[in-house]
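Enquirer: Let me give you the structure first, and then I'll get to my questions.
Readers should treat all values here as calculations from the given coordinates under stated rules, not as data from a laboratory. Everything quoted here is computed from the prediction, not taken from an experiment. Cβ sites come from the backbone with ideal geometry, for glycine too, and all protein chains shown count toward neighbours.
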Amino acid sequence: MSPSRKPPIDIDITVEAGAWPPKRTLRSLVQRAVSAALHEAGVTTDAGSELSIVFSDDAHIRRLNAGWRDKDKPTNVLSFPAFPMKPGEKLPPMLGDIVLAAETVSREAAAEGKPLNQHISHLVVHGVLHLLGHDHEDDAEAEHMEALERAALARLAIPDPYA
């Protein structure tokens, strides 16, 4: 699947809070990032599924992080799968939710000297891979997930974020 084609997922985008690019820019970034992540993860189904992406702020993601992960601090992205998945399984009707925090994402992009849009794309790819059952809890999982991220981002002409 070409990263410019609409993915086989109905994507709901909500800009809840924070300073984000225009919604049409976010929609384009998200559709391309989701397509690239699905391709690299080997998802080939044309069956429909739904995905929600919320562009929020540090205060909201801090509350989510504290409530769901017992970590009382903001983070860049959180993924909430609607159904437990293992890599390679068929997409469920609802894939899940991804939430990004504006201040943390902007701060990281500036600190790493990368364009904000590229960092947003990377975090969407990362979030989708989590929803598909990938993780980075141990070194082997982390290496595999980072390889998928690198390949998906290369598809989008985005440099390796781990280089």
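Enquirer: Please find, in a Gaussian network model of the chain (springs between Cα atoms separated by less than 10 Å), the residue of E103, E137, E112 whose mean-square fluctuation is greatest.
Expert: Highest fluctuation among the options: E137.
Enquirer: Summing +1 for each Lys or Arg and -1 for each Asp or Glu, what net charge is found among the other residues whose Cβ lies under 10 Å from the Cβ of V54?
Expert: Counting the neighbours of V54, the net charge comes to -3.
Enquirer: So, one more: Using a cut-off of 15 Å between beta-carbons, work out the net charge of the residues near M94 (Lys and Arg +1, Asp and Glu -1, M94 not included).
Expert: With Lys, Arg at +1 and Asp, Glu at -1, the neighbours total -4.
Enquirer: Would you tally the net charge around G42, using a Cβ to Cβ cut-off of less than 13 Å, leaving G42 out, and scoring K and R as +1, D and E as -1?
Expert: 0
Enquirer: For the range 85-163, what mean projected area does the convex hull of the alpha carbons give, in nm²? Working shown, then result.
Expert: On the way: hull surface 23.2 nm².
Across all orientations, the range 85-163 yields a mean hull projection of 5.8 nm².
Enquirer: Can I ask one more? Taking every pair of Cα atoms in the range 10-155, average 1/r, invert it to obtain the Kirkwood radius, and report Rg/Rh to two decimals.
Expert: When Rh is taken as the Kirkwood radius, the ratio is 0.94.
Enquirer: What base-10 log of the normalised intensity I(q)/I(0) is obtained for the range 59-105 from the Debye formula, alpha carbons as equal point scatterers, at q = 0.14, 0.22 Å⁻¹?
Expert: Cα-only, vacuum Debye calculation for the range 59-105: -0.41, -0.76.
Enquirer: Put +1 on the Cβ of every Lys and Arg and -1 on every Asp and Glu Cβ in the chain; which of A82, L64, L29 then has its Cα farthest towards the positive end of the dipole?
Expert: The listed residue farthest towards the positive side: L29.
Enquirer: Right, another one. Quick one: how many lysine pairs in the chain have C-alpha atoms under 24 angstrom apart, if they're 8 or more apart or on different chains? Numbers along the way, then the final one.
Expert: On the way: K6/K23; K6/K86; K6/K90; K23/K114; K73/K114.
Pairs that pass both the separation and distance tests number 5.
Enquirer: Rounded to whole Hz and in sequence order, give me ³J(HN,Hα) for the range 9-15 from the Karplus expression 6.51 cos²θ - 1.76 cosθ + 1.60, θ = phi - 60°, writing x for Gly and Pro.
Expert: Whole-Hz 3J(HN,Hα) from phi for the range 9-15: 9, 7, 9, 9, 10, 10, 9.
Enquirer: Right, here's the next one. Roughly what % antiparallel, to the nearest 5, for the DSSP beta bridges in the chain? Each step should come with its number before you reach the end.
Expert: Details: 5 of 18 bridges.
The answer is about 30 percent antiparallel.
Enquirer: Treating only the Cβ of Lys, Arg, Asp and Glu as charged (+1, +1, -1, -1), what charge dipole size does the chain show about its Cα centre? Round to the nearest 20 debye.
Expert: 680
Enquirer: Could you order the peptides 71-80, 117-126 from most to least packed, using the average number of other C-beta atoms within 10 Å per residue?
Expert: Top to bottom by mean Cβ count within 10 Å: 117-126, 71-80.
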